[in-house]
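The values are calculated or read from the model by the stated rules, or taken from the named source; none is laboratory data. What you are looking at is a predicted structure, and each value in this text was computed from that prediction instead of being measured. For neighbour counting, all protein chains shown are included, and Cβ atoms are generated from backbone atoms with ideal geometry for every residue, glycine included. Protein only, heavy atoms only, side chains kept; ligands, DNA and RNA dropped before computing areas. Shrake-Rupley method; radii C 1.70, N 1.55, O 1.52, S 1.80 Å.
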Amino acid sequence: MRRSTMLALCALVPMALQAQQPDTVRRRSGLPRDVMREAVAQYNEPAALRNEGATEIAAGRDIQGNVAVLSGPLTIAGHVTGRVVALNSDVILKPSAHIDGDVLVVVGNVEGRDAAYIGGELRIYRERLAYTVQDGALQVANAGSGEDVPWWRRWEGRRQASGSKIQVASAGAYNRVEGLPINLGPQMYRDFSGGSARLDAYAVVRTASSFRADDNDIGHNLHGEARFGRASGWLVGARLFDIVDPTESWQLSNLEAGLSSALFRRDYRDYYERHGGSVEAGVFAGRNATFTVSYGDEHWLPRVARPAWTLFRSDVAWRDNPVADAAHLHLVQAGLTVDTRSDVDNPWTGWYLRAELERGAGHIDSLGLLSVPRTHAGDGRLTYDRGFLDVRRYNRLSPGRQLNLRVVAGGWLGGDPLPVERRFSVDGPGALPGFEFRSMRAGDDVATCTPAVAAPGYPAQCDRMLLAQAEYRASLHWGLFDWGNDNGWHPGHLHGDAAWVLFADAGRGWLVGDETQPMTYGRGVIPSLSSFRTDMGVGLDFDEIGVYLAKALSTPGQPARAFVRLRHRF
């Protein structure tokens, strides 16, 4: 097994799996008020079937209208012509289940969604719904808008929703520069009738250093934010920080990158130090869309790899952490996130879009080590523009089949050459898993834009990059006995979310400038598709963990490579 497969064994740490929670679970403010009201309103609407407690719709049974269940579970094997709403309830869908309308689940999981037919939209929320029963109707607890509630009641509600605690938690992925960074400090939250506010004030303890003042092993991260509005509104925030950040975090999750480092001394990221502050403002529309603009004043510094502890392969040297630029920069950033996925954990339909623009202006104190030429003003001044785009589309083709597509693009838009901290690569298990990560290959390496002689650590050196990924997913059907079936047999499932996956990837990076130089193109040119690295592969995805085998197509001599991902590939 190749070194790139070591990420697979990270799944042996079950506690780490529990740490990977979707954004919808981590929100301190709980279930949004608009979702609460919608769920209760749907439950109170006339329904062909309404029940509290365990409910079953057997195979062959037709429900002409809506179904509403409170504190189930709800098991569906028959046909529902309307909508299904399940509150504080799990939903179990048999392969014969057929639902014509939407499915809304609040505080619960949906089992068997890959086999059943759902004609409408599937939405799942994990936060608990607080409700009361008045005059036979369900009502959201403390759901008053504020206008018809006395001021002292609103104040009491705000006090009950406020709170604080001391946080001791990971501040990021375990890595060869810090070891495990730990956030330590108070976390305060306040909910009021028109919105919410929070303050996080952390010391960042870097466990790989020796706790001496000259080692800079204690950082800080203070962040405050106020949101005005519930379903939609605007926000303002400010931040002071002394942290260590990765140059690229879009390829792998913190969990995957951290476990690979901690267990097998295989770090898939490079790091630099950031010290400064920023302010931001933005607007949001529920959980589906957020737009922010920020201004920051930052100092960047290189960091070196330390003898961080690992469980295995402790006799192997860490890959060098590439030497980054030392710079003082003023950054203006704009970011847009749009998320219409049916479920953050296991999306069947919807879009995910993340777009970023950054303009940096300042001074380079010392240049990091790259093996590609860079030219800057003689006095070290630097001004650049950079963009990043990640677009994903999830398409449900049938109850058990899915086609997912992803395009990632990013790079230099104008100005001076990008600093080391803002360059790109298309390399490793999160991008092109059919190729070995950060390894010297014959000729120029278009995955990292590395020429024949590489700088220490094989840094990402591309001015621009483009990656396209596609996967076809189909349910895993196994012949299993089902004693609840009259025939005693039906094609059951090994796991409710198990699937086999066929995937393909194509991508490369390139430099911008003098087209006579290797891997360099004009500012308005995209390299020919024949120059892209390509691979394809197959795998088994069991929801929490996927096992895959990828084979390089553009370089047939590359051996097939096995790898494992936690959660889905994207």
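Brief remarks on what is shown
- For region 231-294, a/c is not less than 1.5, where a ≥ b ≥ c are the root eigenvalues of the C-alpha gyration tensor, and a/b does not top b/c. That puts it in the oblate class.
- Cβ-derived FRET efficiency at R0 25 Å, S249 paired with D320, nearest 0.05: 0.80
- Listed residues T55, T383 arranged by accessible area, highest first, probe 1.4 Å: T383, T55
- Sequence-separation-based contact order of region 225-312, relative, with Cα cut under 8 Å and 6+ spacing, percent: 32
- With the simple model of a label 7 Å out from the Cα in the direction of the Cβ, E45 to L311 spans 4.9 nm.
- Accessible area per residue, Å², region 332-452 with all protein chains present, probe 1.4 Å: 37
- Gain in span if fully extended, D90 to T207, counting 0.36 nm per residue against the direct Cα distance: 38.0 nm
- Given R0 = 56 Å, the distance between the Cβ atoms of S71 and L549 translates into a calculated FRET efficiency of 0.80.
- Were the residues from A562 through L353 laid out at 0.36 nm apart, the gain over their Cα-Cα distance would be 72.3 nm.
- Length gained on full extension, L240 to A137: 32.3 nm, using 0.36 nm per residue less the C-alpha separation.
- Shape of region 381-457, Cα gyration tensor, a/c cut at 1.5: oblate
- Computed over region 369-408: relative contact order in percent, which uses C-alpha pairs under 8 Å that are six or more apart: 31
- In terms of the mean number of neighbouring beta-carbon atoms within 10 Å, the peptides 447-454, 543-550 order highest first as 447-454, 543-550.
- Taking label points 7 Å from Cα along the Cα-to-Cβ direction, S530 and N288 give a separation of 4.5 nm.
- Region 249-366 shape via C-alpha gyration tensor axes, a/c threshold 1.5: oblate
- Ligands, DNA and RNA left out, the accessible area of region 427-467 computed with a 1.4 Å probe is 65% carbon and sulfur.
- Peptide packing for 194-201, 165-172 was compared via the average number of neighbouring C-beta atoms within 10 Å per residue; ordered from the highest value, the list is 194-201, 165-172.
- Förster radius 22 Å - calculated FRET efficiency between L367 and H330, Cβ distance, rounded to 0.05: 0.70
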